[in-house]
Ligand SMILES: Nc1ncnc2c1ncn2[C@@H]1O[C@H](COP(=O)(O)O)[C@@H](OP(=O)(O)O)[C@H]1O
Ligand SMILES: [Mg+2]
Ligand SMILES: [Mg+2]
Ligand SMILES: [Mg+2]
C-alpha cells in the first residue's frame, strides 16, 4: 500500500540530499565567491547549485508543478558573472548531474521562478541562512510542497546539525508529511528508511525552565524585543542563536521550547520559502506555529506571508501566554 505523497517524498529527499552534499563540498572550499543581490544580501555558488539540482529533479518527476524558489538566474546571464556561472557548472559536473551546461543550469534555476499562488506548488530555499553558510555555521536546504494552501510535505537538509540521538554524527536530514509525523535521518546514511528517528517537541509549560532560539542576525529578528519578552516571562536561560530553519528543527526535536522571529521593521513580509518546511516539521512534532498576533500563517498568498507579521513557534503549552505577552508589550503592533 502506498501512503500519500510517497513518491513526492522519495524524489524530494533524494534531491535535497544531493543539494546538501554539494553545499557541503562548496562550504569546505569556500573563499570569497559571493554575489551581492539587489537587496544587498549575499548569494553563493552553493545557493545557485542547490536550486539548479533540486529544480532539475522536480521538473523531471513532476513537470506540471510550479516551484516558488528564492533565486533566479538573471545575474548569471551577465558577462561579468561568466566565471561565477562556470564554477556552478563545475560543481554540478563534479556531482555528476546529467546534461549540465551553462544554458541548462540557468534554465533549471529559472524553473524555480514562479511567484504566484497555485493549487499545487513547491517552495524552495536552496540555502536558507546564507550568512550562516558563509560563517561556516548553520544553514538549511529547505523544500516544501503546498496543496490547496496547506503544507503537505517538508524537508530540511541541515549539513552542520548534529544528529539528535548521536551528536558525533554531523549532518541531519529532517522530513515530514502531513499526518505522518516528523523524522530525522543522518544526511550520510544510505538506507534512509531504516534510520528514520521520530522527533518530538518538549512538554514544558514553565517559562522559567524554557529556552528560546532566534536569528543570529539582529536585522532578521529583533533581539531587543525578544529580550523584553524573556524578561517579562522570567525566561532565565540564554537564547540559542542560530541561522536558518535549523531553528524549527531545534524546537521540533526538543532542544529548545520556543523560536521567536520578531519584526525589525514595518512592512517586511516573511517569505514562504523561509518557513514552509519548518512549520510542518514543528506541527508534526506536536508544536504550534502562528504569527506574532497568534494568527495561522497563510501559505496561499503568493511568495510572501502577506497577511502575517513575524513568526512564533512553540512546543504548544507555552503558546497562548507568549502571544498574550507580545500583545501586552505591544510588540505585535
Ligand atoms: N528584515 C528581515 N526580516 C526577516 N527576515 C529577513 C529579513 N531580511 C532577510 N530576511 C530573511 O532571513 C533569512 C535568514 O533567516 P535567519 O536569520 O533565521 O537565518 C534570509 O534567508 P536566506 O539566507 O535564504 O536569504 C532572508 O530571506
Ligand atoms: Mg537569500
Ligand atoms: Mg531563506
Ligand atoms: Mg536562501
- Along Cα→Cβ, 7 Å out, is where each label goes; now give me the distance between the ones at residue 205 and residue 101 in nm to one decimal. 6.4
- Task: May I ask for log10 I(q)/I(0) of segment 10-110 at q = 0.22, 0.25 Å⁻¹, from a Debye sum over the Cα atoms as equal point scatterers with solvent left out?
- Result: -1.23, -1.55
- Among beta bridges that DSSP assigns inside segment 207-328, antiparallel share in %, nearest 5: 65
- If only Cα atoms are counted, what is the Rg of segment 6-198, and what is its Dmax, in Å? 16.0, 48
- Message: Can you compute log10 of I(q)/I(0) for segment 289-333 with the Debye formula, treating each Cα as one identical point scatterer, at q = 0.22, 0.26 Å⁻¹?
- Response: -0.71, -0.89
- Message: At 222 nm, what value in deg cm²/dmol follows for the chain if DSSP H runs of at least 4 each add -39500 (n - 2.57) and the sum is divided by all its residues, to the nearest 500?
- Response: -10000 deg cm²/dmol
- Query: So if R0 is 45 Å, what FRET efficiency would residue 169 and residue 268 give, r being the distance between their Cβ atoms, rounded to the nearest 0.05?
  - Reply: 0.80
- Query: So what's segment 173-267 giving for Cα Rg divided by 2.2 N^0.38 Å, two decimals?
  - Reply: 1.25
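In percent, how large is the relative contact order of the chain, given Cα pairs closer than 8 Å and 6 or more residues apart?
That works out to 15 percent.
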- Item | For segment 96-250, average projected area of the Cα convex hull in nm² | 12.4
- Calculate the spin-label point distance for residue 61 paired with residue 237, positioning each point 7 Å from the Cα along the beta-carbon direction, and give it in nanometres. 3.5
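Given the alpha-carbon gyration tensor of segment 207-328, what are the semi-axes of its equivalent ellipsoid in whole angstrom, ordered largest first, with each equal to the square root of 5 times an eigenvalue? Let's see the in-between values first.
Numbers: eigenvalues 80, 51, 37 Å².
Ellipsoid half-lengths, sorted descending, are 20, 16, 14 Å.
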- Query: In a Debye calculation with equal point scatterers on the alpha-carbon sites of the chain and no solvent, what is log10 I(q)/I(0) at q = 0.11, 0.15 Å⁻¹?
  - Reply: -0.66, -1.24
- Task: Post the alpha-carbon centroid distance, segment 306-333 to segment 59-100, in whole angstrom.
- Result: 38
- Nitroxide proxy distance, nm - points 7 Å out along Cα→Cβ at residue 329 and residue 86: 5.2
- the chain: most fluctuating residue of 140, 95, 182 per GNM, C-alpha cutoff 10 Å: 95
- Note on the structure: Counting only DSSP beta bridges with both partners in the chain, the antiparallel fraction in percent, to the nearest 5, comes to 85
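Only the coordinates and a few stated rules stand behind these numbers; no lab work does. Remember, predicted model here, so these are calculated numbers, not experimental data. With ideal geometry, Cβ positions are generated from the backbone for all residues, glycine too; neighbour counts draw on all protein chains shown.
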